[in-house]
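One structure is given below, encoded as structure tokens.
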Number of protein chains: 2
Amino acid sequence: MASPAGPEIERLIQLLARLPGLGPRSARRAALQLVKRRETLLAPLAEAMQQVSERVRVCSVCGNVDTSDPCAICRDETRDPSLLVVVADVSDLWALERAGAVRARYHVLGGVISALDGVRPDDLNLATLHQRAADPAVREVLLALNATVDGQTTAHYITAILADLPVRVTRLAHGVPIGGELDYLDDGTLAAAIRQRGAF
Amino acid sequence: MASPAGPEIERLIQLLARLPGLGPRSARRAALQLVKRRETLLAPLAEAMQQVSERVRVCSVCGNVDTSDPCAICRDETRDPSLLVVVADVSDLWALERAGAVRARYHVLGGVISALDGVRPDDLNLATLHQRAADPAVREVLLALNATVDGQTTAHYITAILADLPVRVTRLAHGVPIGGELDYLDDGTLAAAIRQRGAF
């Protein structure tokens, strides 16, 4: 689909279409919106991208992204040093931080072991995880991984790696999501929720 | 939702969320994708936006967007000078060009008359339309406007404006879309398709 608006806009459309959530058609709509609102949207967005591109670094300690290295979370002295939360991806770290669910430090694996996608343990940020978990201050490693086959495979693998260390390895609870309707839940979740039932 | 990744990324997320097709959640995913693929996606996208921001202009003749003014379509001597296609928006112009439906020149109104949205005729690019339609070379003005109430109101208004000129004012045909199923079509479309039926 050639655009009648020149190669610059066409290139912008192609790059926008590579963002998750935007297809070729919505990228075209987005590009047009950007062109129309050149002063209020396009110029600020170009500048914001430039700034992020120049300043954002991957934290050498935990794998988070931030403008400083180590990141703000790793430098935050008020966080519980005894707990290390292992996540697959920065987006999971962000989700946990948004929820304010835990005030600890993180370790971002950069993915999960996956036979299908050809991701082997060597591809993940696992070597430094063992080092960090060996810190005497760390007493618990919480595996906050997706409840998928790949996530659980990775969790088992990490449990084996950390077996020689005096840390407690934990995982997230399974059960009914808040606001969830039993009727729509899968059998595995219902079985887990029954098995791990608690006092009312 | 504060991001644990600093104000630069937060600003990028907020700006991305203003693109059509991206909400706050998908903007966050897109920003993360950009940060992860800094070299291959973020930097090229920032540069493409910068280029578009600097080079793209609105065509002073037809209202299209292009890197030149007049735009490539207005300068294209091979196009039929006797037909002027009136569209509401640049996206409609792009759609017609993609379809290769017509090799003529366009006139972009920049919207349609809408009582609900407070768009009055003065807000549209109508003054120059009369001038352009008065060109002796122009023999037909095709109103390629949406088949909505606002689109048709605008079409009627334009017909009245151009009544003093010796041009033929036409509109797009109504009927069954190619690939469309009768069962799912509204009564108005079906009635129009019957009314304007042709020989097989």
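The values are calculated or read from the model by the stated rules, or taken from the named source; none is laboratory data. Quantities reported herein were computed from a predicted structural model and do not represent experimental measurements. Backbone-built Cβ (ideal geometry, glycine too); neighbour counts: all protein chains shown.
Evaluated against (1) more than 12 Å from chain A (Cβ to nearest Cβ); (2) surrounded by fewer than 20 Cβ atoms within 10 Å (Cβ to Cβ), B:Val86 falls short on exactly one condition, (2).
Got at least one residue in region A:32-52 being more than 17 Å from B:Leu15 (Cβ to Cβ) and of a type in the set (S, T, N, Q)? Walk me through how you get there before you give the answer.
Of all residues in region A:32-52, those more than 17 Å from B:Leu15 (Cβ to Cβ) come to none.
So far as region A:32-52 goes, no, none of its residues is more than 17 Å from B:Leu15 (Cβ to Cβ) and of a type in the set (S, T, N, Q).
Evaluation of A:Ile178 against the conditions (1) touching a helix residue (DSSP H, G or I) at 6+ places or on another chain (Cβ under 8 Å); (2) in a loop (DSSP other than H, G, I, E, B); (3) of a type outside the set (Lys, Arg); (4) not assigned by TED's automatic domain parsing to the domain that holds A:Asp92 shows that the sole unmet condition is (1).
Please verify whether region A:173-180 includes one or more residues that are touching a residue at least 12 places away in the same chain (Cβ under 8 Å), loosely packed, with under 15 Cβ neighbours inside 10 Å, farther than 22 Å from A:Asp122 by Cα and in contact with a strand residue (DSSP E or B) (Cβ under 8 Å, 6 or more places away or on another chain). No - not one qualifying residue is present in region A:173-180. Apart from one condition, A:Val167 fits all of (1) within 18 Å of A:Arg120 (Cβ to Cβ); (2) surrounded by 16 or more Cβ atoms within 10 Å (Cβ to Cβ); the exception is (1). Per the conditions (1) in a helix (DSSP H, G or I); (2) at pLDDT below 90; (3) closer than 24 Å to B:Val102 by Cα, the sole criterion not satisfied by B:Thr159 is (2). If the condition is being over 19 Å from B:Leu165 (Cα atoms) and touching a Gly at 6+ places or on another chain (Cβ under 7 Å), then region B:94-127 contributes B:Val108, B:Gly110, B:Val112, B:Val119, B:Asp123, B:Leu124. So, A:Asp122, is that one surrounded by fewer than 15 Cβ atoms within 10 Å (Cβ to Cβ) and assigned to a helix (DSSP H, G or I) or not? Considered against the rule, which asks whether it is surrounded by fewer than 15 Cβ atoms within 10 Å (Cβ to Cβ) and assigned to a helix (DSSP H, G or I), A:Asp122 comes out as yes.
Name the single residue, out of those in region B:49-74 being among the acidic types (Asp, Glu) and either more than 7 Å from chain A (Cβ to nearest Cβ) or out of contact with any Cys (no Cβ under 8 Å at 6 or more places or on another chain) (or both), that is surrounded by the fewest Cβ atoms within 10 Å (Cβ to Cβ). Before you say what the answer is, go through the steps one by one.
So in region B:49-74, the residues among the acidic types (Asp, Glu) come out as B:54, B:66, B:69.
When the remaining residues are screened for being either more than 7 Å from chain A (Cβ to nearest Cβ) or out of contact with any Cys (no Cβ under 8 Å at 6 or more places or on another chain) (or both), the result is B:54, B:69.
Numbers: B:Glu54: 12, B:Asp69: 15.
Among residues in region B:49-74 that are among the acidic types (Asp, Glu) and either more than 7 Å from chain A (Cβ to nearest Cβ) or out of contact with any Cys (no Cβ under 8 Å at 6 or more places or on another chain) (or both), the one surrounded by the fewest Cβ atoms within 10 Å (Cβ to Cβ) is B:Glu54.
Give me the residue from region A:58-71 that is at pLDDT below 90 and not in a strand (DSSP E or B) and, out of that set, farthest from A:Ala137 (Cα to Cα). Applying the filter and picking the extreme gives A:Thr67.
Scanning region B:72-85 for residues that are assigned to a helix (DSSP H, G or I), of a type in the set (Lys, Arg) and touching a strand residue (DSSP E or B) at 6+ places or on another chain (Cβ under 6 Å) yields a count of 0.
Residues are listed down the side, and each one gets a yes or a no for (1) touching a helix residue (DSSP H, G or I) at 6+ places or on another chain (Cβ under 8 Å); (2) more than 26 Å from B:Asp89 (Cβ to Cβ):
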site	(1), (2)
A:Arg29	yes, no
A:Pro44	yes, no
A:Glu47	no, yes
A:Ser53	yes, yes
A:Gly63	yes, yes
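All of A:Leu124, A:Leu165, A:Leu116, A:Leu185 fail the test of being more than 14 Å from A:Tyr106 (Cα to Cα) and not assigned by TED's automatic domain parsing to the domain that holds A:Ala88, apart from A:Leu185. Apart from one condition, B:Gly100 fits all of (1) surrounded by fewer than 16 Cβ atoms within 10 Å (Cβ to Cβ); (2) in contact (Cβ under 8 Å) with a residue 12 or more places away in the chain; the exception is (2).
For the subset of region A:24-46 comprising residues that are charged (D, E, K, R), under 11 Å from B:Ser53 (Cα atoms) and assigned to a helix (DSSP H, G or I), which member is nearest to the other protein chains (Cβ to nearest Cβ)? Can you show your working first?
Residues of region A:24-46 charged (D, E, K, R): A:25, A:28-29, A:36-39.
Within this subset, residues satisfying the condition of being under 11 Å from B:Ser53 (Cα atoms) are A:36-39.
Retained after the next criterion (residues that are assigned to a helix (DSSP H, G or I)): A:36, A:38-39.
Working: A:Lys36: 8, A:Arg38: 6, A:Glu39: 9 Å.
For region A:24-46, the residue satisfying everything is A:Arg38.
Filtering region B:43-57 for residues that are β-branched (Val, Ile, Thr) and in contact (Cβ under 8 Å) with a residue 12 or more places away in the chain leaves an empty set.
Yes/no per residue for (1) part of a helix (DSSP H, G or I); (2) of a type in the set (A, V, I, L, M); (3) under 18 Å from B:Leu93 (Cβ atoms); (4) in contact with a helix residue (DSSP H, G or I) (Cβ under 9 Å, 6 or more places away or on another chain):
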| site | (1), (2), (3), (4) |
| --- | --- |
| B:Gln131 | yes, no, no, no |
| B:Asp135 | no, no, no, no |
| B:Gly151 | yes, no, yes, no |
| B:Thr154 | yes, no, yes, yes |
| B:Gly198 | no, no, no, no |
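Of the residues in region A:5-23, at least one is in a loop (DSSP other than H, G, I, E, B), within 15 Å of B:Val90 (Cβ to Cβ) and facing another protein chain (nearest Cβ under 7 Å).
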